[in-house]
Amino acid sequence: FSPKDAKLINVSPFLTQEKDKAKMYAKFTDYVVVVNLQDFYVNITNYFITTSKEGVANVNFKIISTSNGKILAAKNAELNLTLKDQDAKQNY
């Protein structure tokens with residue numbers, strides 16, 4: 001995500017204006033979020049004294065309207081994850 005393309009959706013007006021909880025729930029089920037993990041790999045770099053491990057995940061997500069099937073937003077994101085060397089169980 002780049003800052004120039006970033007958009008925040010403020011849902012607080014929907015929460016404060018809607019008194020009927022059933023309608024509020026129906027409003028939130030109008031959209032489907034689809035997340036795909038396209039690629040995941042681990043970079044291992046050996047330095048003179050230590051080793052660094054970094055996980056890289058390429059993720060694609062789409063927000064789709066269930067009423068008309070249109071894609072409202074679609075983004076690709078690359079996540080860089082620092083992995084722990086000492087206790088590998090903490091990485092999951």
Original post:
From the list Gly69, Gly55, which one is modelled with pLDDT of 75 or more and in contact with a helix residue (DSSP H, G or I) (Cβ under 8 Å, 6 or more places away or on another chain)?
Top reply: Gly55
Original post:
Which one is surrounded by the most Cβ atoms within 10 Å (Cβ to Cβ), of the residues in segment 33-57 that are in a strand (DSSP E or B) and among the hydroxyl-bearing types (Ser, Thr, Tyr)?
Top reply: Ser52
Original post:
Just checking, which of Asn80, Asn60 is modelled with pLDDT of 80 or more, loosely packed, with under 11 Cβ neighbours inside 10 Å and part of a strand (DSSP E or B)?
Top reply: Asn80
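The values are calculated or read from the model by the stated rules, or taken from the named source; none is laboratory data. All values reported here derive from a predicted model rather than from experimental measurement. Every residue, glycine as well, gets a Cβ built from its backbone with ideal geometry; the counts of neighbours run over all protein chains shown.
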